[in-house]
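The values are calculated or read from the model by the stated rules, or taken from the named source; none is laboratory data. Here the structure is a predicted model, which is why all the values come from computation and not from measurement. Note: ideal-geometry Cβ built from the backbone for every residue, glycine included; neighbour counts use all protein chains shown. These area figures cover heavy atoms from the full protein model, side chains too; ligands, DNA and RNA do not enter into them. Shrake-Rupley method; radii C 1.70, N 1.55, O 1.52, S 1.80 Å.
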Amino acid sequence: MTSHLAVLRRCLPVWAISMLWTLAFGLWGLSRQHSVWRDEAATWQVARRSAADIWYMLGHVDAVHGLYYLLMHGLFACFGPTTTTLRLPSVLAMAVAAACVTAIGHRLAGAWAGLGGGLAFGLLPAVQFYLQEGRSYALVAAAAALSTLLLVRVSEARGGAMRWAAYGGTVLLCGLLNWLSLLILPAHAATLLWTRPRREIWTGWAAASVGATACVVPLILFSRGQSEQISWIPPLTWHMMIGPAVLLTIGGLGALLDRPKAGRLSAAAVGLPLLAVPQIGLTGLSLVQPLFLDRYVLFSLLGLALLIGAALGAAIRAATPRFPRASTWILPVVIAGSVLALLPQSLAKRSPSSRVDDVLAVAADVRRLKATGDAVLFVPAARRDTKSVSPGAFTGLRDLALTQSPEDSGTLKGVEAGPARIRAAMLAQRRILLVTDSTRVAKPASAERDRVKISVLREYFRAGADKQVRGRRVTVYERLGPDA
C-alpha cells in the first residue's frame, strides 16, 4: 500500500488522523457566537453548584446525569464557566470515539476501511451536532467506542481477567453516564452470536456484562422515580422511524459490500449490530413508555461509521488490481465530496439558530432594560435558567414568584408560590420584566400559576419595551394605574 495513506502512516498512526480530523471539526466555531441553549444551561447551572448541592439535587431530579454533572463541576472549578469548558469534553470524547472507530476498522478490514470509518464518523450530521453540545451524549459515545474496541481485541486474543475488567469498566461508565446506553450489551451479544467465539469468550463477556449491569441497576431504579421529567417526550409515531430506517438501510448496504461471513469477526459483524440493535431496542422500550430520542442512542452511529468505512475499504480493494494508482484517490475524493455536500449543514450546526434558544442572549437585554425597583417573572418557570446562568444580569430585580431557589430546593427551576400569592405580589409592583420564549417557539401556558401571570399582566399592565433574540423574549410591563 505505497500510497497517500502510506505516507500519512509514516507521520501519524491511522487512528490519530481520525482523531485530529474530528478534533478540528469540534474546535471549529465551538462557542456558537457565545450562545448556550436550554439543555446546556442545565449543565452550566448545575456544574456551578457545590458538590453537596449537586448531590442534594440528584435526589430530586436528573439522577441519570449525576456522574456527568459532577465531572463538569470539577472542570468548571478548575477552568471556569465558559463555553469552551462546557463543550470541550464533548469534542475530546468524539475525537476518542473516532479514533476507536478507526482502530476497529483497521483491525478488521484494513487501513483504508479504518481511516474511512473514522473520517466518516466525524462528518455525520448528528455527530457534528453533539460534538459541540455541553451534555453527556458524546462521552457515552466515547465509552461505547472504547468498550467495542476492547471487545474486538479480547475476542481476537485469549480473554484475560484484566481485559474483561477493562471491558466491564467501560460498559459501566456508559451506564452511569446514561443507563439507556446499556443497549450496547445486546449489540455486542449479537456480534458474539454472529461470530460464534470460544466458550471462554462467552464466559468472560457474560461476567463483565452482568457485573456492569448490576452496578447500574440501583441508578436505573432510582431514576425511574424521576420519570416525570421526561414526560414531554412524545409517543412513538411512524414518522419518527424514518431516520432510523434510513440509517439501517445505509448500514445494511455497507454490510453487503463488506460481505460478512458467519463465524468471522468482521467490520460488518461488529458494525451492523452496533447500529441496529440500540435503535430497535429503544423503539421497543418506547412502545412501553415514550423514550425515543435519537441522542439516547447516538453511540449507535459508531456502527454506521464502521460500515461506511468497510464499504469504502471494499471498493478500494476491488479497484486496486485494475486501477492501482486511481484507487488511492477514492477515499480522498469521497471525503472531499462529502465535506462539500455537508458544508451547509456543518455551518448551520455552528450557528445559534441551530438550537431552539439562547439563554445568554436575553440576559444582555435584561441588564439594559431593568431599573431600580423592578421585578421579574419567568414563564414558564424553567426560563429561570437565564437567571441561573447569568445571575449578574438580574442583580437588583425581585423574583416575584420564587419562594425557594433552585439550589435550596434541589431543582433546576426553583419552587414558585401559589397563583394567589403571585397575583398579589404582581399587583403591588409598578414595573415587571417578563422573561419568556419568543413568539416563534412559545407554547400556551400550561401551569395555572403561569396563566395567572399572563392574565394579570394583560389586565393591569401595559407592555412597553419588547426584545426578542434567539428564541427568548423579555418584555417590560408598566402598571396602568392603582385603580385599574
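So Val334 ticks every box in (1) of a type in the set (Val, Ile, Thr); (2) open to solvent by 50 Å² or more (accessible area, probe 1.4 Å); (3) under 28 Å from Arg135 (Cα atoms) but one. Which box is left unticked?
Exception for Val334: condition (3).
Within the range 370-395, which residues are open to solvent by less than 40 Å² (accessible area, probe 1.4 Å) and in a loop (DSSP other than H, G, I, E, B)?
Once the filter is applied, which keeps residues that are open to solvent by less than 40 Å² (accessible area, probe 1.4 Å) and in a loop (DSSP other than H, G, I, E, B), the range 370-395 yields Asp374, Ser390.
For the range 118-131, name all the residues that are of a type in the set (A, V, I, L, M) and either open to solvent by 10 Å² or more (accessible area, probe 1.4 Å) or in a helix (DSSP H, G or I) (or both).
Leu119, Ala120, Leu123, Leu124, Ala126, Val127
Condition first: within 12 Å of Phe299 (Cβ to Cβ) and under 15 Å from the mean Cα position of the chain (by Cα). Now tell me which residues in the range 176-191 satisfy that.
Leu177, Asn178, Leu180, Ser181
Which of the residues spanning the range 397-444 are assigned to a loop (DSSP other than H, G, I, E, B), in contact (Cβ under 8 Å) with a residue 24 or more places away in the chain and open to solvent by 60 Å² or more (accessible area, probe 1.4 Å)?
Lys413, Arg430, Thr439, Arg440
Each row is one residue, and each column tells you yes or no for (1) surrounded by 14 or more Cβ atoms within 10 Å (Cβ to Cβ); (2) touching a Leu at 6+ places or on another chain (Cβ under 7 Å); (3) free of Cβ contacts under 8 Å to residues at least 24 places away in the same chain; (4) part of a helix (DSSP H, G or I).
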position	(1), (2), (3), (4)
Val171	yes, yes, no, yes
Pro186	yes, no, no, yes
Ala190	yes, no, no, yes
Trp194	yes, no, no, yes
Pro197	yes, no, no, no
Trp202	yes, yes, yes, yes
Cys215	yes, yes, no, yes
Phe222	yes, no, no, yes
Leu236	yes, yes, no, no
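If the requirement is being part of a helix (DSSP H, G or I) and touching a residue at least 60 places away in the same chain (Cβ under 8 Å), which of these qualifies: Trp44, Trp55?
After applying the criteria, what remains is Trp44.
Based on this model, can you work out whether Gly134 counts as crowded, with 22+ Cβ neighbours inside 10 Å, modelled with pLDDT of 95 or more and not in a helix (DSSP H, G or I)?
The answer is yes for Gly134.
Answer yes or no as to whether Gly251 is open to solvent by less than 40 Å² (accessible area, probe 1.4 Å), touching a helix residue (DSSP H, G or I) at 6+ places or on another chain (Cβ under 8 Å), within 22 Å of Ala144 (Cβ to Cβ) and modelled with pLDDT under 90.
yes
Tell me which residues, restricted to the range 471-484, are open to solvent by 30 Å² or more (accessible area, probe 1.4 Å) and under 16 Å from Ala382 (Cα atoms).
Arg473
If you check Ser90, Ser136, which single one turns out to be of a type in the set (S, T, N, Q) and touching a His at 6+ places or on another chain (Cβ under 8 Å)?
Step by step, each of Ser90, Ser136 is checked, and only Ser136 is of a type in the set (S, T, N, Q) and touching a His at 6+ places or on another chain (Cβ under 8 Å).
Return yes when Gln468 is of a type in the set (S, T, N, Q) and either open to solvent by less than 40 Å² (accessible area, probe 1.4 Å) or under 26 Å from Gly59 (Cα atoms) (or both) and no when it is not. Quick ask: steps written out before the conclusion?
Values: of a type in the set (S, T, N, Q): yes; either open to solvent by less than 40 Å² (accessible area, probe 1.4 Å) or under 26 Å from Gly59 (Cα atoms) (or both): no.
Judged against the criteria, Gln468 is not a match.
Name the residue, out of Leu88, Leu5, Leu92, Leu20, that is at pLDDT below 95 and in a helix (DSSP H, G or I).
Leu5
Only residues that are open to solvent by 40 Å² or more (accessible area, probe 1.4 Å) and under 15 Å from the mean Cα position of the chain (by Cα): list them for the range 77-117, please. Write out each step before concluding.
Residues of the range 77-117 open to solvent by 40 Å² or more (accessible area, probe 1.4 Å): 77-79, 81-82, 84, 88, 92, 96, 106-107.
Answer for the range 77-117, where residues must be open to solvent by 40 Å² or more (accessible area, probe 1.4 Å) and under 15 Å from the mean Cα position of the chain (by Cα): Leu88, Leu92.
Out of the residues in the range 260-273 that are closer than 27 Å to Thr22 by Cβ and either in a helix (DSSP H, G or I) or among the charged types (D, E, K, R) (or both), which is most open to solvent (accessible area, probe 1.4 Å)?
By that ranking, first place goes to Leu272.
So, of the residues in the range 299-323 that are open to solvent by 10 Å² or more (accessible area, probe 1.4 Å) and under 23 Å from the mean Cα position of the chain (by Cα), which turns out to be nearest to Ser286 (Cα to Cα)?
Leu301
Is it the case that some residue within the range 64-76 is surrounded by 20 or more Cβ atoms within 10 Å (Cβ to Cβ), assigned to a helix (DSSP H, G or I) and over 16 Å from the mean Cα position of the chain (by Cα)?
No, the range 64-76 contains no residue that is surrounded by 20 or more Cβ atoms within 10 Å (Cβ to Cβ), assigned to a helix (DSSP H, G or I) and over 16 Å from the mean Cα position of the chain (by Cα).
State yes or no: is Leu115 in a helix (DSSP H, G or I), out of contact with any Asp or Glu (no Cβ under 6 Å at 6 or more places or on another chain) and of a type in the set (A, V, I, L, M)?
Answer is yes for this residue.
Just one of the numbered conditions (1) over 21 Å from Ala42 (Cβ atoms); (2) of a type in the set (D, E, K, R); (3) in contact with a Gly (Cβ under 9 Å, 6 or more places away or on another chain) is not true of Arg368; which one?
So Arg368 meets the others, but not (3).
Right, Ala363: closer than 14 Å to Gly471 by Cβ, in contact with a helix residue (DSSP H, G or I) (Cβ under 8 Å, 6 or more places away or on another chain) and either buried (at least 22 other Cβ atoms within 10 Å of the Cβ) or without any contact (Cβ under 8 Å) to a residue 60 or more places away in the chain (or both) or not?
yes
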